[in-house]
Amino acid sequence: LFDLSGRVALVTGGARGIGAAYVRALHDAGARVVVADLLEDEGSALAADLGDRVRFARLDVTDEDGWAAVVADVVAGWGGLDVLVNNAGIANAGPIEHYPRAKWDAVIAVNLTGVYLGCRAVVAALRARGGGSIVNISSVEGMRGSTHLHGYVASKFGVRGLTKSLAVELGADGIRVNSVHPGFVETDMTARIDPSGLPIPLRRGGRPDDLTGTLLYLASDASAYVTGAELVVDGGMIN
Ligand code: NAD
């Protein structure tokens, strides 16, 4: 049910953190995986570690031409694409009166426009395979307000809405589109936050590996009748 042998996946922001855990999990489930990221050293090292079913591609998710090139390359090299994981993201924060336009533009560009560009870039390739799965990484911050995080929150609510719209639009093509909403996960993004003060019923911060079961479920035939869903993986934090 969860076997991904013969499938081809692309993970943005796959060089480190949650994305790298996704790459390892997809690889271990049998898929061939493209690690698409800005971080060449980390991405190349991960690909080298996992072997010839994983390759690195340098991609800035805000670059439309970059998306076209990476998708064309994977289709030419591996014959098609079945799974897209839009995971790349950045976070910034600040009180609204001291939150410059540049910060807003940056977080919307990567976290929301990047997801739109990715979905748009892969539709033809997924359709050519008779369908596929798009997994968009939002956040619990895409489900509630959070002080000083307005740009990030807006971007993650946007990902949630985009996911639902595409689930409706692409269902007839057999393309499923779902969102994942992690809570606190220990990565470089959250390195300065101490989870011990957070109201987490499971009493610990999440680790990247805590997210991989949800991803394998959404990427595989185990979720064949699931689209437009939003899966919260947060230790019960926003319960
Ligand atoms: P991270 O900072 O460790 O990794 C993010 C990755 O995205 C990096 O490899 C980075 O190089 C890449 N990236 C950033 N901008 C890019 C761009 N323009 N083009 C291509 N790649 C780019 O962060 P993480 O914690 O692993 O976060 C992964 C995703 O999970 C993000 O979308 C984040 O918003 C989301 N998320 C994280 C948490 C958490 O607590 N860590 C919680 C909820 C949601």
Task: Rel. contact order, % - alpha carbon contacts under 8 angstrom, at least six apart, region 8-233 - done: 19 percent
TODO: Mind ranking 42-53, 112-123 by how tightly packed they are, going by the mean number of other C-beta atoms within 10 angstrom, highest first?
DONE: 112-123, 42-53
Task: Degrees, to the nearest 10: 114-128 long Cα axis against longest axis of the chain - done: 20 degrees
Task: Environment charge of Thr212, counting only residues whose C-beta is closer than 12 Å and scoring Lys/Arg +1, Asp/Glu -1 - done: -1
- [ ] Order by neighbour count: Ile18, Ile175, fewest other Cβ atoms within 10 Å first, most last.
- [x] Ile175, Ile18
- [ ] Could you state the angle between the C-alpha long axis of helix 40-50 and the longest principal axis of the C-alpha atoms of the chain, as a value from 0 to 90 degrees rounded to the nearest 10?
- [x] 60 degrees
Open item on the list: Please report the net charge: other residues with Cβ closer than 15 Å to the Cβ of Ala124, K and R +1, D and E -1.
Closed with: -2
Task: All-pairs Cα distance distribution in region 8-233, expressed in whole percent, bin size 10 Å - done: 8, 35, 38, 16, 3
Task: Where only alpha carbons of region 1-63 are counted, the Rg and the Dmax (Å) - done: 10.8, 35
TODO: Quick one: order Arg203, Arg127, Arg7, Arg24 by neighbouring beta-carbon count within 10 Å, fewest to most.
DONE: Arg203, Arg127, Arg24, Arg7
Task: Peptides 221-228, 187-194 ordered by average Cβ neighbours within 10 Å, highest first - done: 221-228, 187-194
Task: 3J(HN,Hα) from dihedral phi, region 159-167, Karplus parametrisation 6.51/-1.76/1.60, rounded to Hz, x for glycine, proline - done: 4, 4, x, 4, 4, 5, 5, 6, 4
Task: Charge dipole magnitude, Cβ of K and R +1, D and E -1 - the chain, Cα centre, debye nearest 20 - done: 480 debye
TODO: Could you list Ser138, Ser5, Ser220 in order of exposure, starting from the residue whose Cβ has the fewest other Cβ atoms within 10 Å?
DONE: Ser5, Ser220, Ser138
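Read the figures in this text as sums done on the coordinates, not as results from a lab. What you see is a predicted model; the values in this text were computed from it and never measured. Positions of Cβ are backbone-derived with ideal geometry, glycine not excepted, and every protein chain shown enters the neighbour counts.
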